[in-house]
Structure formats: structure tokens, C-alpha cells
Amino acid sequence: MILSSVPVSLLRQYCFCPRIPYFLLVKGIQPVETPWMKQGESYHEKQTLLNKRRSFERYGLDGNIRIEHRVSLRSELLRLHGICDAMLFKDDQPMAIVEFKSRVKTKLNMGEIIQMAAYSMICEVEFGRQFSFGYILSGDKGKVKPVSINPEIKLKVLQVRDALIAQCEECLLPDSSASILQCGQCEYLNFCADRL
Ligand code: SF4
């Protein structure tokens, strides 16, 4: 299977377990909706509403700032596309990605950092401006934490993208180092005979 563009959310999924994009893209198996997926959706809806009333002091930003939710992004050059949770604009110019996490996070995992960096890279290419920081908005109170987008993490984005494309071309079930804990919360557990 030739993948012309990779959904950014699958870069994060690939970091969790490479088999997830395999099941989705190569086998065409959609995940069964789980209670925590529904929880995530309602968290996003709630934060979208609350953001309309919030000031931007929590981002450490002032001036002419506004936020747009669910922004579609695509770069043919990077072969990446997706919909970020939100984007901040300053003086009507795009300036940073915001991603929502329902649980308060002190530290992001690699997949989450890669997802944030991938959206920021698309913006840099498409808008011709630096996106050196993104923001995580987490918990019920919408705690905000900046995330640095550095050259190392950008390189990692491209490495994961290429590994995912190569895996789709091979069409073989990949090995996985996922732990019992990870498999226990995975919607594809029924498809991994070696993990049952
Ligand atoms: S059950 Fe485990 S090995 Fe299988 S896709 Fe999920 S995380 Fe990966």
C-alpha cells in the first residue's frame, strides 16, 4: 500500500504501537469506540466552549490574540495532514498549535510531542513562519504548558513518518514492544493473537 500523506494522529499512534496504523491503514479495521474515546470527545467539546470565554493570560500572551478550533492542516511537501485541536493567532497571523489533553500532564510522552511538532512543521511550511512553541491545554481547568519544538524532535517526526510509510508498503504485521499495560488499553487487542 502506497501512502501519499500520513495522518498526524497516526504518528502518535505509531509511537504507542506500530501495529495500530497497520490495522487501520493496511487492514482497514476501524477501532471500536471505547468509553475513554467518548470521554475525550466530550472533553474537547467542553474546552472549546470554555476557550471562547477565557483570556490568553494563561498562555503568557497579550495583545491581539485569538483562537480557532479544529483547524485542518496539510503539507504535500511533508506528506503530512491532520486536524489540530486549536491554533492561536496574533494580529490575525497563525502563531502556535494548541493540543488538548483531558488529564493534567506534567510531561508529554514521545508520541504526543511528535504530534505537536508535526502540526507545527506543517504550519512552518505552509505559512512561512517559525512555530518554535506549541501549547498543551490539559485538565478541567485548562492548565496550559508550552512545548518547545526543536530540531531533534522535527527530525524524529520525519523518521517516524518514513517508518510508517515503509511499514504500509511492506504490508506485514510489524513487531511490537508494547507492554501488557499498553495492550490492556488497546482497542485492537482482539487482533493480536500473540498478546491474548
Ligand atoms: S494489543 Fe498490544 S500489540 Fe496489539 S496493537 Fe494493541 S498495543 Fe499493539
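The values are calculated or read from the model by the stated rules, or taken from the named source; none is laboratory data. None of the values given here were measured: they were computed from a predicted structure. When we count neighbours, we look across all protein chains shown, and the Cβ atoms used for this are built from the backbone with ideal geometry, even at glycine. To get the accessible areas, we keep the full protein, side chains included, count just its heavy atoms, and leave off ligands, DNA and RNA. Shrake-Rupley method; radii C 1.70, N 1.55, O 1.52, S 1.80 Å.
Descriptive notes on the structure:
- Each Lys or Arg adds one and each Asp or Glu takes one away; over the other residues whose Cβ falls under 15 Å from the Cβ of VAL32, this sums to -1.
- Solvent-accessible area per residue, Å², over the chain with all protein chains present [probe radius 1.4 Å]: 56 Å²
- Unit charges at the beta carbon, dipole of the chain: most positive-side option, PHE16, LEU164, GLY142: GLY142
- Put simply, the amide H of ALA86, placed in the peptide plane, has neighbours under 5 Å in ARG70, VAL71, VAL98, leaving out anything fewer than 5 places away on its chain.
- Atom-type composition of the exposed protein surface of the range 6-195 places 52 percent of the accessible area on carbon and sulfur (1.4 angstrom probe).
- Over the range 76-161, the reciprocal of the mean inverse Cα-Cα separation, the Kirkwood hydrodynamic radius, stands at 13.2 Å.
- Note on the range 6-195: the alpha carbon radius of gyration divided by the globular reference 2.2 N^0.38 Å gives 1.06.
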